[in-house]
Amino acid sequence: MKTPLHFKSFHDVHCFHHNVPSEEILGKLGKTLTDDVLSSLDAILIPGDFFDRLMFLPNEEVWFVKSWVRQFLLRCKQFNVKIKLLEGTPSHDRKQGVMFTFENESIQADLYYAQKIELEYDKDLGLWILYIPDQMGTPEFVYDEVLKLYQQNNIEQADICLLHGQFDYQFPSWMKISCHNSQMWNGLVKYFTVAGHIHNRSQQGNIYVAGSFDRLKHGEEEPKGHLDITLTEESLKVNFIENQDAHLFKSVSVEGLVMEEATGVINEFVKDFPPNTFVRVI
C-alpha cells in the first residue's frame, strides 16, 4: 500500500433535491475542494446518492450539474486525484452517474463508477476496494456475494469499502428492518467502510457514516459535512469536517399559546435567520 493515503468522502450529496438547489449544494462542496486540498488528496470517495431524483435536460439545473461535474473532473485530473463513485439508492441516483463517465470521455480523469457489487484492485493505491450499491439483495445474499469475490481473488478482506445501505446499529433493536450486520461487516473490511444512505452521522467499529453533506429537510438539525481520512498501514485517522454553511431547517414550538403570543414567538425566532431558511411551526 502506498502510504500515507489521504481521502475525502462525501456522502448523500443529493443534487436535484426539491428543497435545496443543486447550485447551492455543489457550491459548498466545491468550496471545500480548494487547490491546496486537491493537491494533498489521493482520492475522493462518493458512496452513493450523489443525485436525489431523475431529471431531464430541459431543466436548467441539469446543465449546471453537468458543468460542475466537468469542472470537477478536470480539476481532479489536474491534481492527479482519483474519483471512486458508487451508485446509491435506485430511486435517487437512477444510474445518473453516467453523467460522470460521459463527461470523462474527453477528460480521462481517473474515475471508477461502480453500479453493482464489485471488487477493484487499485495498483496505484495498493488497495483492494469493495463496492456495495443499495438494494443488491438481502443482507445475507450481499454478504455471500462478497465472500465469493474474495475467494475468486484469493483475499480474506478488502482494504476499504464504499457501501450504500443501512446497518443494524442505526435502528432500535425492536425494529424489524432489513439491515447489514455491522459486526460481520467489520470483519469483511480491513481498514474502513464509508457508508451512505442514512443521513445522520455515526460510527460502529470501522464503519463510518458521515450523514448527508448538506441539510435537506426538517429533523436534520445536527451538523452536516464530510469525512477527511488519512490511512497508513499502522494507523487510520477519520475526522468529520463540518459544512458550516449547511442549509437551515428550524422548528419553533408555540404549543399552548394564543395567536398573539404565538405570532410574537415566531417573529422573534426567525428574525436573525438568513433568507430561504425553512421554519416549521409546532
Could we say that residue 31 is closer than 23 Å to residue 209 by Cα and open to solvent by 60 Å² or more (accessible area, probe 1.4 Å) here?
yes
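I need the full set of residues from the range 87-98 which are surrounded by fewer than 19 Cβ atoms within 10 Å (Cβ to Cβ) and either part of a loop (DSSP other than H, G, I, E, B) or of a type in the set (A, V, I, L, M, F, W, C) (or both), in order please.
94, 95, 98
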Could we say that residue 194 is under 21 Å from residue 146 (Cβ atoms), among the aliphatic types (A, V, I, L, M), touching a Leu at 6+ places or on another chain (Cβ under 8 Å) and surrounded by 19 or more Cβ atoms within 10 Å (Cβ to Cβ) here?
yes
Of everything in the range 1-26 that's within 16 Å of the chain's Cα centre (by Cα) and part of a helix (DSSP H, G or I), which residue is nearest to residue 128 (Cα to Cα)?
26
Being open to solvent by 30 Å² or more (accessible area, probe 1.4 Å) and within 26 Å of residue 182 (Cβ to Cβ) narrows it down to one of 222, 261, so name that one.
222
Quick check on my filter: what residues within the range 55-74 are more than 18 Å from the chain's Cα centre (by Cα) and under 18 Å from residue 13 (Cα atoms)?
55, 61, 62, 63, 64, 66, 67, 70, 71
For the range 219-282, which fully contained strands (runs of 3 or more DSSP E) count at least 1 residues that are within 18 Å of residue 45 (Cβ to Cβ) and at pLDDT 95 or above?
225-231, 236-242
Output the residue which, of all residues in the range 172-191 that are within 15 Å of residue 150 (Cβ to Cβ) and touching a helix residue (DSSP H, G or I) at 6+ places or on another chain (Cβ under 7 Å), is least open to solvent (accessible area, probe 1.4 Å).
188
So for the range 117-136 (the condition being among the polar types (S, T, N, Q) and closer than 26 Å to residue 6 by Cα), does at least one residue qualify?
no
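Tell me, which residue of the range 99-129 that is of a type in the set (Val, Ile, Thr) and closer than 16 Å to residue 150 by Cβ is most open to solvent (accessible area, probe 1.4 Å)?
Out of the qualifying residues, it is 117.
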Between a first residue in the range 130-154 that is open to solvent by 60 Å² or more (accessible area, probe 1.4 Å) and a second residue that is part of a helix (DSSP H, G or I) and not β-branched (Val, Ile, Thr), which pairs have beta carbons less than 7 Å apart while being 6 or more apart in sequence or on different chains?
135/90
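Being touching a Leu at 6+ places or on another chain (Cβ under 6 Å) and touching a residue at least 24 places away in the same chain (Cβ under 8 Å) is the requirement here; does residue 227 meet it?
Criteria not met by residue 227.
The values are calculated or read from the model by the stated rules, or taken from the named source; none is laboratory data. Just so it is clear, the structure is predicted and the values come from calculations on it, not from any experiment. Virtual Cβ from ideal backbone geometry, glycine too; neighbours counted across all protein chains shown. The protein model used for the area step is the full one, side chains on, heavy atoms only, and it has no ligands, DNA or RNA in it. Shrake-Rupley method; radii C 1.70, N 1.55, O 1.52, S 1.80 Å.
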